[in-house]
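Trainee: Structure in structure tokens, see below.
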């Protein structure tokens, strides 16, 4: 948190869209984008102490049109992090507290019957909170599967179907969900198909001793720091186009494919521990998210292309919720994070073929 409560000057206007005209090259655009994302981090740091990896992964998801699932015990500022992120973006934000009695129409909206002055009756669709740029699904595992499924179409097709009509969601649209991994009484684990629609599953851990002292000092002053707007919705859309243009070489694509395929026990390239400890592995969407997330990491660093190290950096949040371990793994105390770490260590990095001899 910051000592200053009120900014010295009015909040700055959202920056111009990163993709620029003909006079600017890609290097200048990437440099400007790197500065904007650092500004976003600085604004978040006024409220959120630590959690640098979590913030980086959240930004990477936003810059690649991805959705995130935040998992952590109560009190680790999951909801505060998302709401603060929404505050620094000039976009609409809605929060839904998921409860056992929540109905799908409470999220998507419903048809209401209206009667005009002439006595004619007609139905009018009243939009639900899902019609926002950022939707926070708080404690998503506390609502039954029927209500959880209300997000499936929205997360994939970015639209909502009610009756015979489909309604497009605002662009950009991000679903960020939270869940508590400790208290499982009265909860409904997300089905595999819905988990697969989350780009990242981010696990938030306890702060370090120094960070905890800083949190206690900052939060007991009775001050409310003010954050400034950084990016508009149009700027975010242009950033997404910029990130999508980051170059990907064939060997990095091959590494991402090999990493995903090695997580499947039925694949010939899978290590022995995968075949004995895993019921099923990650699907093709995991490879897409590995490439997309690596592009965002490279762009935030101001680089023109991705590297194998970028894929390894985001492999854990991409793969941990897409691998299902069996009873033997549970008996041996091996979780999906351990499986992914072994795969990162064991899957070889493809080497480009040697250049042919010029005299040949």
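Throughout, read-outs are computed from the coordinates displayed, never taken from laboratory work. Model, not experiment: these values are computed from the prediction. All Cβ positions, glycine included, derive from the backbone under ideal geometry; neighbour counts span all protein chains shown.
Trainee: Efficiency by 1/(1 + (r/R0)^6): what FRET value for residue 117 and residue 241, r their Cβ-Cβ distance, R0 = 51 Å, to the nearest 0.05?
Mentor: That pair, residue 117 with residue 241, gives E of 0.60.
Trainee: While we're looking at this one, here's another question. Rounded to whole Å, give me the distance from the Cα center of the stretch 219-243 to that of the stretch 71-149.
Mentor: Distance between centres, Cα-based: 21 Å.
Trainee: Explain nothing, just the number: relative contact order of the stretch 243-351, from Cα pairs under 8 Å at least 6 residues apart, as a whole percent.
Mentor: 33
Trainee: What ranking do 206, 273 get, fewest neighbouring Cβ atoms within 10 angstrom at the top?
Mentor: Ranking 206, 273 by Cβ neighbours within 10 Å, fewest first, gives 206, 273.
Trainee: Same structure again: Provide, in order from the shortest bin, the percent of all Cα-Cα pairs of the stretch 243-351 in each 10 Å bin, continuing until the bin that contains the maximum pair distance.
Mentor: 16, 48, 27, 9, 1
Trainee: Right, next: Determine one quarter of the surface area of the Cα convex hull of the stretch 207-260, which equals its mean projected area, and express it in nm² to one decimal.
Mentor: About 7.7 nm², averaged over all directions.
Trainee: If I stretch the segment between residue 99 and residue 279 completely, what's the gain in nm (0.36 nm per residue apart, minus their alpha carbon distance), one decimal?
Mentor: Difference between extended and current length: 61.7 nm.
Trainee: Between (1) 87, 53, 50; (2) 115, 76, 38; (3) 71, 57, 41, which matches Cα extents along the principal axes in Å calculated for the structure shown?
Mentor: (1)
Trainee: Also, quick follow-up: When a footprinting reagent is the concern and you count Cβ atoms within 10 Å, what order do 316, 89 take, fewest first?
Mentor: By the 10 Å Cβ count, ascending, the order reads 316, 89.
Trainee: Follow-up question, since we're still on this one. Hey, fewest Cβ within 10 Å first, where do 263, 105 land in order?
Mentor: Going from sparsest to densest Cβ surroundings: 105, 263.
Trainee: If I take every Cα pair under 8 Å that is 6 or more residues apart in the chain, average their sequence separation and divide by the length, what percent do I get for the relative contact order?
Mentor: After rounding, I find 23 percent.
Trainee: Can I ask one more? Could you estimate the translational diffusion coefficient of the stretch 223-291 from the Stokes-Einstein equation, with Rh from the Kirkwood formula over C-alpha pairs, at 4 °C and 1.567 mPa s, in whole µm²/s?
Mentor: The calculation lands on 85 µm²/s.
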